[in-house]
1. Can you tell me which residue in region B:88-110 is farthest from residue B:38 (Cα to Cα), limited to those that are surrounded by 20 or more Cβ atoms within 10 Å (Cβ to Cβ) and more than 14 Å from every other protein chain (Cβ to nearest Cβ)?
2. Name the residues in region A:1-37 that are within 14 Å of the chain's Cα centre (by Cα), outside any strand (DSSP E or B), more than 11 Å from chain B (Cβ to nearest Cβ) and under 17 Å from residue A:99 (Cβ atoms), would you?
3. Which members of region A:98-110 meet the condition of being closer than 30 Å to residue B:52 by Cβ and outside any strand (DSSP E or B)?
């Protein structure tokens, strides 16, 4: 069965640089969620989109923005990167209640 | 604010030694409670969704149960391949974001 696809899988950036993470949901899923998981921590909700509109917003820094496109893929844009942004970033998709997670993007900020 | 507490933090089992993981939750109107399995550096893998007290679901050696205040994940006759971190998450009826517990790391020795 098709799963959530995330790219890139690994990303290394310098402080103050920008990064763009991409997420391709499971086919026919209309909702995308973004989570951040720091080392040894549980995933924290950032933001979600339903039918290309922002639906919920969590603890997402103002330096981050996201959108969902007409083909339902989503991008998380991160600017002015800080050391503390180093984490695993997961995208999940759903067509109902249950969310299915992608493999994640590991972001390292040096 | 929604709260999810998992115990124990870590569990070391001998192969074949059954045990249970606990997830206590506080949420204003539960839409669903979810169990995920996460291997190091990978995305959470969906296991179960439970919607109402008294509900039970099974999959191979795993069985999840739900009461009004907590959920249990029972592992029967575990094998080394069951070693992972098991995450519990709740979804409130007011939105669709997941609030996770800190997880229980299970290690099964052959």
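1. Pass one, region B:88-110, residues surrounded by 20 or more Cβ atoms within 10 Å (Cβ to Cβ): B:88-91, B:96-101, B:103-104, B:106, B:108.
After this cut, where a residue has to be more than 14 Å from every other protein chain (Cβ to nearest Cβ) as well, the list is B:106, B:108.
Numbers: B:106: 11, B:108: 15 Å.
Looking at the filtered set, the residue picked out is B:108.
2. Of everything in region A:1-37, just one residue is within 14 Å of the chain's Cα centre (by Cα), outside any strand (DSSP E or B), more than 11 Å from chain B (Cβ to nearest Cβ) and under 17 Å from residue A:99 (Cβ atoms), namely A:25.
3. Filtering region A:98-110 down to residues closer than 30 Å to residue B:52 by Cβ leaves A:98-102.
Passing the criteria: A:98, A:99, A:102.
Per-residue answers, yes or no, for (1) outside any strand (DSSP E or B); (2) within 13 Å of chain A (Cβ to nearest Cβ); (3) touching a residue at least 12 places away in the same chain (Cβ under 8 Å); (4) surrounded by 15 or more Cβ atoms within 10 Å (Cβ to Cβ):
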| position | (1), (2), (3), (4) |
| --- | --- |
| B:23 | no, yes, yes, yes |
| B:54 | yes, no, yes, no |
| B:63 | no, no, yes, yes |
| B:72 | no, no, yes, yes |
| B:86 | no, yes, yes, yes |
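Readers should treat all values here as calculations from the given coordinates under stated rules, not as data from a laboratory. The structure displayed is predicted, hence computed values, not measured ones. Please note: Cβ atoms are built from the backbone with ideal geometry, for glycine as well, and neighbour counts cover all protein chains shown.
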